[in-house]
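Accompanying notes for the structure given below.
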Amino acid sequence: MEQIQIIDSKNHVGETVKIGAWVANKRSSGKIAFLQLRDGTAYFQGIVVKSEVEEEVFQLAKGLNQETAVLITGEVREDTRSKFGYEIGITGIEVVGESHDYPITPKEHGTDFLMDHRHLWLRSSKQHAVMQVRNEIIRATYEFFNTNGFVKIDPPILTGSAPEGTTELFHTNYFDEEAYLSQSGQLYMEAAAMAFGKVFSFGPTFRAEKSKTRRHLIEFWMIEPEMAFMHQEDSLEVQEKYVAFLVQNVLDNCDYALDVLGRDKELLKKYTNLPFPRITYDDAVELLKKNGFEDIEWGDDFGSPHETFIANSFEQPVFILNYPKAIKPFYMKPHPTREDVVICADMIAPEGYGEIIGGSERATDYEFVLEQIRQHGLDEKEYSWYLDLRKYGSVPHSGFGLGLERTVTWLTGIEHVRESIPFPRLLNRLYP
Ligand code: 4AD
Ligand code: MG
C-alpha cells in the first residue's frame, strides 16, 4: 500500500492508501466520527463509519485527542463539499505518538499565550497558510533573480561596518575585537556587483531597535539586489517588476492559503499593474500638509500615519523619491542639482503596511564618500575596503533592499509582522 501526502490526494482517488498525520480536530456521534487531519502539506477530513469498520477502529477514532499522531489507512474520495475537494474513508488507525492536553484549543487564546507556544501554534491553519505564502515569496524571489541574470552572493553576518547608522547595532565580541550582526549586506553587495554585474543577497539582518510596532522585528530577512552600470530610474523598474512578480506568483500558487486567510484576491490583482506611481518626497510633504497633517515639516522622516495616508492616495504600491539627505545613510548619491536631497526611493505598500523597500543610487566619487563617512562619524579604517570600490573602476550603480516579513505581512493581509516569520525575535521575545 502506498504512503502518500494529503496534498497528493487528487492523484489517488479510489485507491486505498496510508497517510501519516496529526488529528487537528474531531467530531463524533454514535455512528460516525469525523477527523480533521493535517500532515503539513494540507488539511482534509477523515471519516470513520461505525457500521463499516471493526468496532476497535471506531472506538479508537472516538477517543483520539487533539494532535495525536496517527497512521491512517483508507480510501481517498472526492469531497465536493470541502474547499480542499478530497477526503479519506478510514478503515484503519495506528497511533504513532500520543498527545494529552494540547494547550492550543479551538477557543480564543491571547497573543502572548500563542507567542509563548509559537512552536505549536505553527501547526494551526492560519499560521500554516502564512508560511506557505512566505515560502512562495522566497521561491519566486529566486526565480525572478535567476531568470534576470543575477548572481546570488552571500554577505557576512558578522561585520565591522554599519551601513544604516550606528544606533541600531547588535554588538558582539569577535575574539578581541568588537563586531556587529549585519544590519544590511549592502556594502558587500556593492563589492559583489563590481565583480559580477548584477547580484542579490537573501539573508537575515539585525536591528537592535527599541521599537515595538506592528512592522518591526529585531531579526528579519532581506533581499538585497545590487546592479552595476545602473541608474536609479532603471532600478525602480526592476523593483516594481519584482514586486508585481511576487504578487502574481502568490496569486497563482497560493490560492488555497489566500482563501484560508480570507485575502481579497481582486485587490491583490491590482498590485500587478505596472508601472507603480512615483511621488517625490517634496510633493508627499505638500500632500500631507494639504490634508491636515500639521505635524510634518520638510526634512522630517515619515511616520506610519504619513506613509499610510500617502499609500491610500494610490491604488498600487507607491515610490517616494528623493528624501532629504540629512535623514538618509551616508552612501546615497547626491542629487545633481540640489544639495539637500539624495537619489533614493522607498516603496510603500498599500493598505497601511508601510515601507517594504528602501533603495538608492550609490555615490561613486571617492572624495565625496570619504567625506560622508567622516561626517557620519564612522570609522574610516573600517570602510577602507569600501572606498577601494571608488578607487578602482568606480561606476554608476544602484540597489535596494526588500523586507521579506513586511512583504509577507502585506500579501497575507495579517495584522502584525510577528506572524510572518516562524520564530519572531521581538523587543521582549527570544522564546521560543
Ligand atoms: O530601508 P532599509 O533600512 O534599507 C537598507 O538596509 C538598505 N541597505 C537596503 C539596500 O539598499 N540594499 O531596509 C530595507 C527594508 C525596509 O524597507 C523594510 O522592508 C525592511 O527592510 N526592514 C525591516 N523589516 C522588519 N523589521 C525591521 N526592523 C526592519 N527594518 C527594515
Ligand atoms: Mg528604510
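Structural remarks
- Scanning region 4-24 for residues that are touching a residue at least 60 places away in the same chain (Cβ under 8 Å), surrounded by fewer than 16 Cβ atoms within 10 Å (Cβ to Cβ) and polar (S, T, N, Q) turns up just one, Thr16.
- The residue that is nearest to Val243 (Cα to Cα), counting only those in region 393-420 that are within 9 Å of ligand 1 (Cβ to nearest atom) and of a type in the set (A, V, I, L, M), is Leu402.
- Any pair with Cβ under 6 angstrom, 6 or more apart, that starts in region 214-227 at a residue that is over 18 Å from Val243 (Cα atoms) and ends at one that is open to solvent by 10 Å² or more (accessible area, probe 1.4 Å) and at pLDDT below 95: His216/Glu209
- Remark: Leu71 matches the filter, which requires a residue to be among the aliphatic types (A, V, I, L, M), open to solvent by 20 Å² or more (accessible area, probe 1.4 Å) and outside the structural domain of Val260 (by the TED database).
- Of all positions in region 370-389, none carries a residue that is in contact with a Leu (Cβ under 9 Å, 6 or more places away or on another chain), more than 16 Å from Gly165 (Cα to Cα) and not hydrophobic (A, V, I, L, M, F, W, C).
- Hits in region 296-330 (condition: closer than 25 Å to Ala363 by Cβ and either over 26 Å from the mean Cα position of the chain (by Cα) or open to solvent by 60 Å² or more (accessible area, probe 1.4 Å) (or both)): Trp298, Gly299, Asp300, Asp301, Pro324, Lys325, Ala326, Phe330
- Residues (within 14 Å of ligand 1 (Cβ to nearest atom) and in a helix (DSSP H, G or I)) located in region 359-386: Tyr386
- Scan of region 214-240 for residues that are assigned to a loop (DSSP other than H, G, I, E, B) and within 9 Å of ligand 1 (Cβ to nearest atom), ordered by number: Arg215, His216, Leu217, Ile218
- Residue check, Gln186 open to solvent by less than 30 Å² (accessible area, probe 1.4 Å), in contact (Cβ under 8 Å) with a residue 40 or more places away in the chain and either of a type in the set (Gly, Ala, Ser) or over 21 Å from Leu387 (Cβ atoms) (or both): no
- Number of positions in region 331-364 that are under 20 Å from Tyr188 (Cα atoms), within 14 Å of ligand 2 (Cβ to nearest atom) and touching a helix residue (DSSP H, G or I) at 6+ places or on another chain (Cβ under 9 Å): 6
- Residue match in region 167-175 (condition: part of a loop (DSSP other than H, G, I, E, B), within 16 Å of ligand 2 (Cβ to nearest atom) and open to solvent by 50 Å² or more (accessible area, probe 1.4 Å)): yes
- Among (1) touching a helix residue (DSSP H, G or I) at 6+ places or on another chain (Cβ under 9 Å); (2) within 30 Å of Glu380 (Cβ to Cβ) - the single one Lys325 does not satisfy: (1)
- Some residue of region 388-411 being hydroxyl-bearing (Ser, Thr, Tyr), open to solvent by 10 Å² or more (accessible area, probe 1.4 Å), in contact with a Ser or Thr (Cβ under 8 Å, 6 or more places away or on another chain) and at pLDDT 95 or above: yes
- Among residues of region 189-213 being near ligand 1 (Cβ under 10 Å from one of its atoms) and at pLDDT 95 or above, the one that is nearest to Pro396 (Cα to Cα) is Glu190.
- In region 381-432, the residues that are hydroxyl-bearing (Ser, Thr, Tyr), within 30 Å of Asp255 (Cα to Cα) and within 16 Å of ligand 2 (Cβ to nearest atom): Thr407, Thr409
- Selected residue (only one of Val369, Val341 is among the aliphatic types (A, V, I, L, M) and closer than 21 Å to Val285 by Cβ): Val341
- Filtering region 387-417 to residues that are in a helix (DSSP H, G or I) and either in contact with a helix residue (DSSP H, G or I) (Cβ under 7 Å, 6 or more places away or on another chain) or outside the structural domain of Glu226 (by the TED database) (or both) leaves Leu387, Leu404, Glu405, Arg406, Thr407, Val408, Thr409, Leu411, Thr412, Val417.
- Residue identified as free of Cβ contacts under 8 Å to residues at least 12 places away in the same chain and surrounded by fewer than 12 Cβ atoms within 10 Å (Cβ to Cβ) among Lys31, Lys107, Lys83: Lys107
The values are calculated or read from the model by the stated rules, or taken from the named source; none is laboratory data. Remember, predicted model here, so these are calculated numbers, not experimental data. Note: ideal-geometry Cβ built from the backbone for every residue, glycine included; neighbour counts use all protein chains shown. Remember, those area values only see protein heavy atoms, side chains included, never the ligands or the DNA or RNA. Shrake-Rupley method; radii C 1.70, N 1.55, O 1.52, S 1.80 Å.
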